[in-house]
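Take a look at the structure below.
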Amino acid sequence: MFYLYILKSGRDGKLYIGYSNDLRKRIKEHNTGLVRATKSRVPFRVVYYEAYAEKEDATKREHNLKLRAKALRQLLLRVKASLRA
C-alpha cells in the first residue's frame, strides 16, 4: 500500500505534501527532524491521506496536487475543518 499524505506544521501552519509506503514511519521521520525538507518546521500532524495499491498512482496524485493549484484548492475545501484544528 502506498499513501499520499498532507501534513500541517505546528510551527508555521504551512502544509507539506508527500507519499510513502509506510505512513506511520514517515510521519515519525518528519516529526523527529530526519527529513531535511521539513526538519525546521516540526511538529507535524496528518490532516489528510489517501491509500493506493500502486506506487505510480500515489506519485501521480502527489505530482498533481503540487503542480495544479486548482486540484489542491478543491481538496483543501473538502478538509477545511481538519485544517483549522
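Sub-9 Å Cβ pairs linking a first residue in segment 53-73 that is touching a residue at least 24 places away in the same chain (Cβ under 8 Å) and over 19 Å from MET1 (Cβ atoms) to a second residue that is among the hydroxyl-bearing types (Ser, Thr, Tyr) and part of a helix (DSSP H, G or I), at least 6 apart or interchain, number zero. Residues that are in a loop (DSSP other than H, G, I, E, B) and under 24 Å from ALA71 (Cα atoms) were ranked within segment 11-30; the one that is modelled with the highest pLDDT is ASN21.
Restricting attention to segment 19-30, the residues that are crowded, with 16+ Cβ neighbours inside 10 Å and either aliphatic (A, V, I, L, M) or out of contact with any helix residue (DSSP H, G or I) (no Cβ under 7 Å at 6 or more places or on another chain) (or both) total 4. When you scan segment 31-48, do you find a residue that is among the polar types (S, T, N, Q) and not in a helix (DSSP H, G or I), even just one? So far as segment 31-48 goes, yes, one or more of its residues are among the polar types (S, T, N, Q) and not in a helix (DSSP H, G or I).
Scanning segment 51-62 finds no residues that are touching a strand residue (DSSP E or B) at 6+ places or on another chain (Cβ under 8 Å), farther than 13 Å from TYR19 by Cβ and in a strand (DSSP E or B).
Selection of first residues in segment 21-34 that are closer than 18 Å to ARG11 by Cβ and of second residues that are charged (D, E, K, R), restricted to Cβ pairs under 6 Å at least 6 apart or on distinct chains, gives the following pairs, ordered by first then second residue: GLY33/LYS39.
Scan LEU34, LEU7, LEU67 and give me the residue that is under 11 Å from the mean Cα position of the chain (by Cα) and not aromatic (Phe, Trp, Tyr). Going through LEU34, LEU7, LEU67 in turn, just one is under 11 Å from the mean Cα position of the chain (by Cα) and not aromatic (Phe, Trp, Tyr): LEU7.
The values are calculated or read from the model by the stated rules, or taken from the named source; none is laboratory data. Just so we're clear, the structure is a prediction, and the values are computed from it rather than from any experiment. FYI the Cβ positions are ideal-geometry reconstructions off the backbone, even for glycines, and counts take in every protein chain you see.
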